[in-house]
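Q: For reference, the structure I am asking about is given below.
Every number here is computed from the coordinates shown, using simple stated rules; none is lab data. What you see is a predicted model; the values in this text were computed from it and never measured. Positions of Cβ are backbone-derived with ideal geometry, glycine not excepted, and every protein chain shown enters the neighbour counts.
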Amino acid sequence: DLLGPWAGYFTGWTYWFCWVVTGMADVVAITAYAQFWFPDLSDWVASLAVIVLLLTLNLATVKMFGEMEFWFAMIKIVAIVSLIVVGLVMVAMHFQSPTGVEASFAHLWNDGGWFPKGLSGFFAGFQIAVFAFVGIELVGTTAAETKDPEKSLPRAINSIPIRIIMFYVFALIVIMSVTPWSSVVPEKSPFVELFVLVGLPAAASVINFVVLTSAASSANSGVFSTSRMLFGLAQEGVAPKAFAKLSKRAVPAKGLTFSCICLLGGVVMLYVNPSVIGAFTMITTVSAILFMFVWTIILCSYLVYRKQRPHLHEKSIYKMPLGKLMCWVCMAFFVF
C-alpha cells in the first residue's frame, strides 16, 4: 500500500522463507536436545520425528495449535522462573561445582571482563541476539484482530522490555554466575547443565524436556504461520493456486505439507555440517539476515507513512518516540 506491489511480493515471500529457516533452526536444536537422552541417536531421527508430529497435529484442526502453544508457553514460564530461583539459591549458598568453581556474581566481570573476546567478539554475537528477537514484529500484525487495540497494543509493546529482562537477562545472569562463560559447552543447553551441576539429573532431564518443547513450540509456530502465509500469497495471486485451498477441517493442508517438507532442510544441514552447533549457527545467521531485511521494509513503510499521511500520524494516540530518527538508527545498525 505504501511502498508498492513489489514490496508486498518480496516481503511476503521473504517472510515465509524467514519462518521456514527459523523452523529449520528449531529442528536442529531439537536434535541436540534429544541427544541428551540418546547420545547415539542418528541426527535425522529426532528431526524427522518432530516434523511428522507437527504436520500431523496441525493437519488435525486449528484448535490444536492454540492448545499446544498454551501448554508450551506455560511449561517455559514455570521452567525459567524455577531456573532463576535455583540459580540464586546456589549463589547465595556459595555452591561449589565438582571442578571446584564457586557460584558467584563475580563471574560476570571476572574471566576476561565484559568483553573477553574484544569488541569484535561482542559484535559477532549480535546475529544470535537478533535471532532471539525473531517474531517481535508479530505484535504489530495483530492490530487488525485485537479487541480495543488502542489500549491492548501499547500495553503489550511496553511489556516487552520487562519480559526480555525477566526471561533473557535474569536467566543469563544466573547461569553465568553459577558457571563461568568459559566453562559453558556450546553443544549443550546451559539450562540443563546448571541442574547437572547441582547433582539433580532428574531435574536436568525435566529442563531438557522443557527446552525441547520450547524449540518444538517455535517450530510449531513456524509451521502454522508459513502455511497461512502461503494461503494468503496464493489468494493474492503471487503463489500457486493450490495453496489457496482449504481441507475439510478448514486447514491449508497443501501449504502446511509444503512448509514441513522445506523443514527437512534442517536434516540436510546436519549432514552438510555434522556439528549440531555449527549447523544451528549457520541457519540462525541466515534467518537473522532475512528478518533484518523484513524489519527494514517495515521501517521504510513507516517513513513513507510519515511523509504521505502526516494527518493520520498526528491523530495516533500511541506514537513511536523519535520515530524518524530511530528508523534511521535501526537501519544503520542492520547495515553495520
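Q: Relative contact order (percent) for the chain, with alpha-carbon contacts under 8 angstrom and 6 or more residues of separation?
A: 36
Q: For all pairs of alpha-carbon atoms in the chain, what percent lies in each bin of width 10 Å, listed from the first bin to the last filled one?
A: Cα pair-distance distribution for the chain, in percent: 5, 21, 31, 26, 13, 4, 0.
Q: OK, next. Beta carbons within 10 angstrom, averaged per residue: use that to sort the peptides 117-126, 243-252, 22-31, highest first.
A: Answer by packing, highest mean first, reads 22-31, 243-252, 117-126.
Q: When E193, E314 are ordered from fewest to most other Cβ atoms inside 10 Å of their Cβ, what list results? Could you put the intermediate results ahead of the total?
A: Numbers: E193 19, E314 8.
Ranked by crowding around the Cβ, least crowded first: E314, E193.
Q: For S120 and Y9, calculate 0.36 nm times their separation in residues minus their Cα-Cα distance, and state this gained length in nm to one decimal.
A: Taking 0.36 nm per residue and subtracting the Cα distance, the gain is 36.4 nm.
Q: Would you check the chain for Lys pairs whose C-alpha atoms are within less than 26 Å, ignoring same-chain pairs closer than 8 in sequence, and give me the count?
A: Lysine pair count for the chain: 20.
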